[in-house]
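Peer 1: One structure follows; several queries about it will come next.
Derivation of every value follows stated rules applied to the coordinates shown; laboratory data play no part. Just so you know, these numbers come straight off a predicted model, no measurement behind them. Don't worry about glycine lacking a Cβ; one is built from the backbone with ideal geometry, like all the others, and counts go over all protein chains shown.
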Amino acid sequence: MKILPIALGATLVCVSAALQSQPAFPDTDEEVRVIASRPAVARALTIAQELDAVSENELIELTEIPAPPFGEQARARRYADLLLAAGLTDVGIDEIGNVVARRPGHGDGDTVALAAHLDTVFPFETDVTVRRRGNRLYAPGVGDDTRGLVLVLNVARALIQADVRTAGDVVFVGTVGEEGVGDLRGARHLFGNEGPGIGQFIAVDGGDDSRVVNQAIGSRRYRVTVTGPGGHSWGDFGLVNPAHALGRAMYYFDEAATVLVNDGVPTSYNVGRIGGGTAVNAVPQETWAEVDLRSVDPAQLDRLEDTLFSAVERALVDQNRRRDRGPALESQLTLIGDRPSGAVDASTALVQRALAVTRHLGLSPRFGAGSTDANVPIARGVPAVTIGRGGTGGGAHSLSEWWAPSLPNVAVQRALLLLVTSAGVVD
């Protein structure tokens, strides 16, 4: 069965039932039911939904603070202030820029993290003013993942206001560097030697309230650079042209990669940026392209990588043969991003609880694969899933991005219930 990617901001895709099944664990459904019925948890679920319904102003405020990868500092400071105001006392910004707020547990249990990412794909100069059309809010980054930050904040508030006592510590996180060239640097730091000792990880990203993402889509990102002597478009015609070679290389790559991605596990590729040259009437000395390769299968990534390298080599051979004088073209392929892949087994307790919580809230769960902060813990053997931020939206990673509430919004209740069920609840 062929599975096609579906763009949902966090790059989430459907996973065929043939690839994964949902083994029945009735005890987990009962566990969720019992915990949800505890008075403190029931209060928290009600409070969370009430808070979520009136949190639009904070969504607008955070959205209008620019936060490109490596430029999240202002948004991080404001988010830390909001977590402090929520009643958390152990709040800080770590060495790499993550906002980390710990709520101590009252017994034995895993430290469980609930995280959304601070950064967006948009550069500083982007107009991030929020505009309203009906019940929709339009602005770059309003959904991905600013809305996730607000959801995490509301879960923290609800747990504190309802005085829910967990066995394990709970860590609320706003990560840096989830998007693009950030290359998951915030999540990598969380799971480094100096991290907060997270035993289970829940990422909030994407917009689907039914999907449980337990497969990590790995990616490799390359900058392909082609260089030559350069010159005048008339007087130096006949010299090798890096732009011609780069275009030929991307054509060869596209032709071969199309065959590859249609014969195997879910895989994608994208030429995202192309640049170089100095003027329309100058033979460029340098041209470049940035290429994104993705798959849930590391072996498929290897094949895509080989295909890219071969296409560039072939294009340079072709173009160099065409020159009538001067030095030959040269190329360099530089790895600029490398996201790990992997999967959490469907029988793992965290995955089963995510399925059970989804069913408890009246939804039909389904598995998915994604490229999110959860890739890092999954690749390192730490149980991790990604769940949706709620509401409806569209245009992710575009200037026309929008988000709108869907009431009653169960996403915040889903996140809260999965968090406390995983951390354990004590009387």
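Peer 1: Taking the DSSP beta bridges in the chain as the whole, what percent of them are antiparallel, to the nearest 5?
Peer 2: Working: 54 of 74 bridges.
Antiparallel: roughly 75 percent of the beta bridges in the chain.
Peer 1: Right, next: How large is ³J(HN,Hα), in whole Hz, for each residue of the stretch 37-45 in order, when computed from phi with the Karplus curve 6.51 cos²θ - 1.76 cosθ + 1.60 and θ = phi - 60°, using x for Gly and Pro?
Peer 2: Coupling constants for the stretch 37-45: 8, 4, x, 5, 5, 4, 4, 4, 5 Hz.
Peer 1: Kindly put 91, 344, 181, 357 in sequence by how many other C-beta atoms sit within 10 Å of each C-beta, fewest to most. Walk me through the numbers on the way to the answer.
Peer 2: Working: 91 20, 344 23, 181 15, 357 30.
By the 10 Å Cβ count, ascending: 181, 91, 344, 357.
Peer 1: Can you give the FRET efficiency to the nearest 0.05 for residue 106 and residue 262, using r as the Cβ-Cβ distance and R₀ = 45 Å? If you can, show how the numbers build up before the last one.
Peer 2: Working: r = 53 Å, r/R0 = 1.18.
With R0 = 45 Å, the Cβ-Cβ based efficiency is 0.25.
Peer 1: Kirkwood-based Rg over Rh for the stretch 272-322 (C-alpha set), two decimals? Provide the component values of the computation, followed by the final result.
Peer 2: Working: Rg = 14.5 Å, Rh = 13.2 Å.
Dividing the radius of gyration by the Kirkwood radius yields 1.10.
Peer 1: Also, quick follow-up: For the residue pair residue 131 and residue 333, what label-to-label distance in nm results when each label sits 7 Å from Cα along the Cα-to-beta-carbon direction?
Peer 2: 4.2 nm
Peer 1: Taking the square root of 5 times each eigenvalue of the Cα gyration tensor, what semi-axes in Å does the equivalent ellipsoid of the stretch 219-339 have, largest first? Before the final figure, lay out the partial values.
Peer 2: Numbers: eigenvalues 176, 36, 22 Å².
That gives 30, 13, 10 Å for the three semi-axes.
Peer 1: What ³J(HN,Hα) values, in whole Hz, does the Karplus curve 6.51 cos²θ - 1.76 cosθ + 1.60 give for the stretch 328-337 when θ = phi - 60°, with x put for Gly and Pro?
Peer 2: Taking θ as phi minus 60°, the curve returns 7, 5, 10, 9, 9, 10, 10, 6, 10, x Hz for the stretch 328-337.
Peer 1: A follow-up question, please. If amide H atoms are built 1.01 Å from N in the plane of the peptide, which residues on other chains or at least 5 residues away come under 5 Å of the amide H of residue 213?
Peer 2: Amide H to amide H, under 5 Å and 5 or more residues apart or across chains, residue 213 pairs with 368, 386.
Peer 1: Next question. Angle check, please: helix 411-423 long axis (alpha carbons) against the longest principal axis of the chain (alpha carbons), in degrees 0 to 90, nearest 10.
Peer 2: Value to nearest ten degrees: 70.
Peer 1: Next question. Using θ = phi - 60° and the Karplus relation 6.51 cos²θ - 1.76 cosθ + 1.60, list the HN-Hα couplings for the stretch 106-115 in order, rounded to whole Hz, with x at every Gly or Pro.
Peer 2: 10, x, 8, x, 5, 7, 10, 9, 10, 9
Peer 1: Okay, next question. Test of understanding: in a Gaussian network model of the chain with alpha carbons linked when under 10 Å, which of 298, 196, 26 would top the mean-square fluctuation ranking?
Peer 2: Sorting by GNM fluctuation, first place goes to 26.
Peer 1: Candidates [x] 44, 23, 18; [y] 39, 22, 19; [z] 44, 31, 23; which is the computed semi-axes √(5λ) of the Cα gyration tensor in Å?
Peer 2: The value computed from this structure is option [x].
Peer 1: Note the angle between two axes, namely the Cα long axis of helix 73-86 and the longest principal axis of the Cα atoms of the chain, as a number of degrees from 0 to 90, rounded to the nearest 10.
Peer 2: Result, in degrees: 10.
Peer 1: How many angstrom lie between the C-alpha centres of the stretch 138-178 and the stretch 297-363?
Peer 2: A separation of 30 Å, based on Cα centres.
Peer 1: Further question on the same structure: What does a probe at residue 314 reach in the stretch 246-277, counting residues whose amide N is under 12 Å from the point 7 Å along Cα→Cβ?
Peer 2: Under cut-off, by backbone N: 248-260.
Peer 1: Per the Kirkwood formula on distinct C-alpha pairs, the Rh of the stretch 106-194 is how many angstrom?
Peer 2: Details: mean 1/r = 0.0660 Å⁻¹.
That comes to 15.2 Å for the stretch 106-194.
Peer 1: Provide 306, 297 in ascending order of the number of other Cβ atoms located within 10 Å of each residue's Cβ, fewest first. Walk me through the numbers before you get to the answer.
Peer 2: Values: 306 12, 297 15.
Listing 306, 297 from fewest to most nearby Cβ atoms yields 306, 297.
Peer 1: Relative contact order of the stretch 219-339: what whole-number percent is it, with Cα pairs under 8 angstrom and at least 6 residues apart?
Peer 2: Numbers: 240 pairs, mean separation 55.7, N = 121.
That works out to 46 percent.
Peer 1: Among 312, 204, 265, what is the fewest-to-most ranking by other Cβ atoms within 10 Å?
Peer 2: Values: 312 26, 204 29, 265 16.
Listed from fewest to most nearby Cβ atoms, that is 265, 312, 204.
Peer 1: A follow-up question, please. Cα centroids of the stretch 364-427 and the stretch 40-73: how far apart, whole angstrom?
Peer 2: Each part reduced to its Cα centre gives a spacing of 14 Å.
Peer 1: Still on this model: Give me, ordered by chain and number, the residues 5 or more places off residue 336 or on other chains with an amide H under 5 Å from its own placed amide H.
Peer 2: Residues meeting the criterion, in which the H sits 1.01 Å from N, are 221, 222, 223.
Peer 1: By the scheme Lys and Arg +1, Asp and Glu -1, what is the net charge of all other residues having a beta-carbon under 12 Å from that of residue 321? Display every interim value, and only then the final one.
Peer 2: Working: positive: 248, 314, 322, 323; negative: 318, 324.
My count for the surroundings of residue 321 gives +2.
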